[in-house]
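Undergrad: Below you'll find the structure I mean.
The values are calculated or read from the model by the stated rules, or taken from the named source; none is laboratory data. Since the model is a prediction, treat every value here as computed from it, not as a measurement. Glycine also receives a Cβ, built like all others from the backbone with ideal geometry; neighbour counts cover every protein chain displayed.
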Amino acid sequence: MSIHPVLADVTERIATRSAASRSAYLERVLMATLDGPARGELGCANFAHGAAACDPEEKLQLRGAQRPNIAIVNAYNDMLSAHQPYGRYPTQLKRAVREAGGVAQVAGGVPAMCDGITQGRAGMELSLLSRDVIAMSTAIALSHDMFDGALLLGICDKIVPGLLIGALSFGQLPVALVPAGPMASGLPNREKSLVRRRHAAGEVGIEELRDAEAASYHSAGTCTFYGTANSNQLVVEAMGLHVPGAAFVNPGTPERDALTAAAARAVTERTALGEHFTPIAEVVDEKAIVNGVVALLATGGSTNHTMHLPAIAAAAGIALTWDDFDELSAIVPLLARIYPNGAADVNHFHAAGGTRYLIGELLDAGLLHEDVTTVVGDGLDAYRAGAPAVTGDPEVLRPAADPFAPDGGIRVLEGPLGRAVTKVSALTPERRRVTAPARVFDSQAAFLAAFDRDELNRDLVAVVRFQGPRANGMPELHKLTPALGVLQDRGHHVALVTDGRMSGASGTIPAAIHCTPEAAGGGPLSRIKDDDMIVLDTEAGTLDVLGVDLSTRPPALPTVDPDTVTGTGRELFAGLRSLIGAADAGASVFAAPRAEEPAWA
């Protein structure tokens, strides 16, 4: 089937907009592509250091520069349930690489923090910034000129984007992401959410809440709701950076072990020493980026990717904008209902046909580029192989001809309050437009304190500002969701407007998030006052304030100077906060190609 004309137009505009920066990136990759392994140019002492711990046979293979050496970059720790299985992976991968005719070394580790643990805590202010730290750590791991390819071990929120950004600086290497899979289903997500709301409303005690959370997050593997971690897995598979079908197979199963070995073989077979050289610079191009956006939209995925995908694209010299998301969202149907957009978890999605069925439906509808390069070769068609002819559960996964909604789940809002993104896939029609007076807070804690004092039992738009990248690292404000849900359940018209994030679990409350320019830079939210009438309209794509000329008001200042924030390591990140870019450019400390500056910049 032919490509949808809007998909073609958006892809072409991205390519035109990115022509200079993409060309410069590919030129750098070409200059780094040598005739033979880079380690062949190492001095004798340099190479001896790099191979000292290898066994004698591996030393000879590497010294002869005839066998590929594959780097393993590992985000393992055994505190993150999703990453605990990675403790066993180096041994598995080394065996598989050896069987494929290569050698593998653990090149380095990268930090991996858990947003689920740091929600509402000071550590959450390091979360988004950790992505760029991970990118730099990946670059350090690959900087030794010892490697011909790389296997990236990471799953969760900032970790996959960080690994990719770092690896794209080594665009001459073939690279694959190696997931570990989700934990088995525990307490259903909606039951967990109900207990959270009942606790927020004072109806159940702390022990019942603890029991519910422990029954939800109960074993090794990724959390099963469709947040940023699982959005990562689906998006990178649609971009051709996994081996087909790898995203949602449970840990510790024979199928998972086979997929892990397949990733090792794929990279080993695609180094410059073989016949099928496939560097990551060829895999991550404009079409792959668009495929990632489409997969995200078709499943109502994490809003965090409105920052991560532009940052990943920028690392490959590609300028992806929020307008691209918005235009694609208008034509991409919603094909999946996974919590928080539905009752199912990712295991149910996988059982219903999963990524293979989804990719097949989108290909047939002309909504994905099939003619791409992937880690297993040419064409995305391999990623639909083995898909069922019909969905295994139409309440979880539907064909493109009978979607849950005709358009995607993420939209852009624009108006006097700046630009923001919103997720509508979990909103009922009557909640897609909210007009209510503002109640302004300078922190998540201040909002929750007001809720506990029963000051918010009315219609309101909660404006939570000074939560942007430069202010405090842009923490997720997930702790707001139960309280806002209680107010909504009481029949009040409520919404959230913030320059912070609401995580991959956002969507059940009307929310304008990632507002830019941020309040700490004098953006419009710094001029909002209590009782200003705000209109958040997800249908019209507007974010307005009625009867107020914000330009006549001086901006409020943050109650806490970002340069004075200490504790939990936050003082170490002050330099990064001062360098970080705007949310719509990826909220990155690395320079991003942009078509033009917004009018308010």
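Undergrad: Being free of Cβ contacts under 8 Å to residues at least 40 places away in the same chain and not aliphatic (A, V, I, L, M) narrows it down to one residue among 549, 489; which is it?
TA: 549 is the lone residue from the list that is free of Cβ contacts under 8 Å to residues at least 40 places away in the same chain and not aliphatic (A, V, I, L, M).
Undergrad: Please determine, by comparing only the residues of the stretch 453-465 that are touching a strand residue (DSSP E or B) at 6+ places or on another chain (Cβ under 9 Å) and not aliphatic (A, V, I, L, M), which one is farthest from residue 495 (Cα to Cα).
TA: Looking at residues that are touching a strand residue (DSSP E or B) at 6+ places or on another chain (Cβ under 9 Å) and not aliphatic (A, V, I, L, M), I get 455.
Undergrad: Still on this structure, I have one more. Residues of the stretch 372-397 being surrounded by fewer than 20 Cβ atoms within 10 Å (Cβ to Cβ) and under 22 Å from residue 276 (Cα atoms), which ones?
TA: Within the stretch 372-397, 377, 378, 379, 381, 382, 385 qualify.
Undergrad: I need a count of the residues in the stretch 10-34 that are among the charged types (D, E, K, R) and without any contact (Cβ under 8 Å) to a residue 12 or more places away in the chain.
TA: Within the stretch 10-34, residues that are among the charged types (D, E, K, R) and without any contact (Cβ under 8 Å) to a residue 12 or more places away in the chain number 2.
Undergrad: Moving on to the next point. Filtering the stretch 494-511 down to residues that are modelled with pLDDT of 95 or more and over 16 Å from residue 445 (Cβ atoms), which residue is surrounded by the most Cβ atoms within 10 Å (Cβ to Cβ)?
TA: 499
Undergrad: Taking the stretch 10-44 on its own, how many of its residues are at pLDDT below 95 and part of a loop (DSSP other than H, G, I, E, B)?
TA: Matching residues across the stretch 10-44 total 7.
Undergrad: OK, next. So which of 419, 439, 433 ends up being closer than 21 Å to residue 522 by Cβ and either charged (D, E, K, R) or under 30 Å from the mean Cα position of the chain (by Cα) (or both)?
TA: Matching residue, one of 419, 439, 433: 419.
Undergrad: Identify, by number, the condition in (1) under 27 Å from the mean Cα position of the chain (by Cα); (2) over 30 Å from residue 334 (Cα atoms); (3) among the aromatic types (Phe, Trp, Tyr) that residue 451 doesn't meet.
TA: (1)
Undergrad: Tell me which residues, restricted to the stretch 324-342, are in contact with a Pro (Cβ under 7 Å, 6 or more places away or on another chain) and over 22 Å from residue 286 (Cα atoms).
TA: Residues satisfying the conditions are 334, 335.
Undergrad: Taking residue 243, is it hydrophobic (A, V, I, L, M, F, W, C) and either assigned to a helix (DSSP H, G or I) or over 17 Å from residue 150 (Cα atoms) (or both)?
TA: Against the criterion (hydrophobic (A, V, I, L, M, F, W, C) and either assigned to a helix (DSSP H, G or I) or over 17 Å from residue 150 (Cα atoms) (or both)), residue 243 does not qualify.
Undergrad: Is it the case, given these coordinates, that residue 435 is touching a residue at least 24 places away in the same chain (Cβ under 8 Å) and in contact with a helix residue (DSSP H, G or I) (Cβ under 8 Å, 6 or more places away or on another chain)?
TA: no
Undergrad: Within the set of pairs 6+ apart or on separate chains, which have a first residue in the stretch 405-424 that is within 24 Å of residue 532 (Cα to Cα), a second that is at pLDDT 95 or above and among the aromatic types (Phe, Trp, Tyr), and C-beta atoms under 7 Å apart?
TA: These pairs meet every condition: 412/322; 412/325; 419/322; 421/322.
The rows are residues; the columns are (1) of a type in the set (Val, Ile, Thr); (2) in contact with a strand residue (DSSP E or B) (Cβ under 7 Å, 6 or more places away or on another chain); (3) not assigned by TED's automatic domain parsing to the domain that holds residue 243.
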{"position": "360", "(1), (2), (3)": "no, no, no"}
{"position": "367", "(1), (2), (3)": "no, no, no"}
{"position": "370", "(1), (2), (3)": "no, no, no"}
{"position": "379", "(1), (2), (3)": "no, no, no"}
{"position": "390", "(1), (2), (3)": "yes, no, yes"}
{"position": "393", "(1), (2), (3)": "no, no, yes"}
{"position": "396", "(1), (2), (3)": "yes, yes, yes"}
{"position": "405", "(1), (2), (3)": "no, yes, yes"}
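Undergrad: Sticking with this structure for a sec: Filter the stretch 411-444 down to the residues that are among the hydroxyl-bearing types (Ser, Thr, Tyr) and closer than 23 Å to residue 228 by Cβ, then identify the one that is surrounded by the most Cβ atoms within 10 Å (Cβ to Cβ).
TA: So the residue we want is 422.
Undergrad: Residues in the stretch 271-280: is at least one at negative phi, assigned to a helix (DSSP H, G or I) and assigned by TED's automatic domain parsing to the domain that holds residue 344?
TA: Scanning the stretch 271-280, I find at least one residue that is at negative phi, assigned to a helix (DSSP H, G or I) and assigned by TED's automatic domain parsing to the domain that holds residue 344, so the answer is yes.
Undergrad: Say whether the condition of being touching a strand residue (DSSP E or B) at 6+ places or on another chain (Cβ under 7 Å) and under 26 Å from residue 78 (Cα atoms) is met by at least one residue in the stretch 192-204.
TA: no
Undergrad: Considering only the stretch 395-414, state which residues are part of a strand (DSSP E or B) and under 22 Å from residue 583 (Cβ atoms).
TA: 410, 411, 412, 413, 414
Undergrad: Pick from 97, 73, 106: which is within 27 Å of residue 247 (Cβ to Cβ) and in contact with a Pro (Cβ under 7 Å, 6 or more places away or on another chain)?
TA: 106
Undergrad: Then there's this: Look at the stretch 445-486 and say how many of its residues are in a loop (DSSP other than H, G, I, E, B), out of contact with any Pro (no Cβ under 9 Å at 6 or more places or on another chain) and closer than 23 Å to residue 340 by Cβ.
TA: 6
Undergrad: Quick one: how many residues across the stretch 452-473 are closer than 16 Å to residue 441 by Cβ and either among the acidic types (Asp, Glu) or crowded, with 19+ Cβ neighbours inside 10 Å (or both)?
TA: 15
Each row is one residue, and each column tells you yes or no for (1) assigned to a helix (DSSP H, G or I); (2) within 25 Å of the chain's Cα centre (by Cα); (3) of a type in the set (Ser, Thr, Tyr); (4) modelled with pLDDT of 95 or more.
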| residue | (1), (2), (3), (4) |
| --- | --- |
| 492 | no, no, no, yes |
| 539 | no, yes, no, no |
| 559 | no, no, yes, no |
| 577 | yes, yes, no, no |
| 590 | no, yes, no, no |
| 598 | no, yes, no, no |
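Undergrad: Just need a number here: residues in the stretch 263-277 that are farther than 20 Å from residue 179 by Cα and either touching a residue at least 40 places away in the same chain (Cβ under 8 Å) or surrounded by 19 or more Cβ atoms within 10 Å (Cβ to Cβ) (or both).
TA: Going through the stretch 263-277 one residue at a time, the tally reaches 6.
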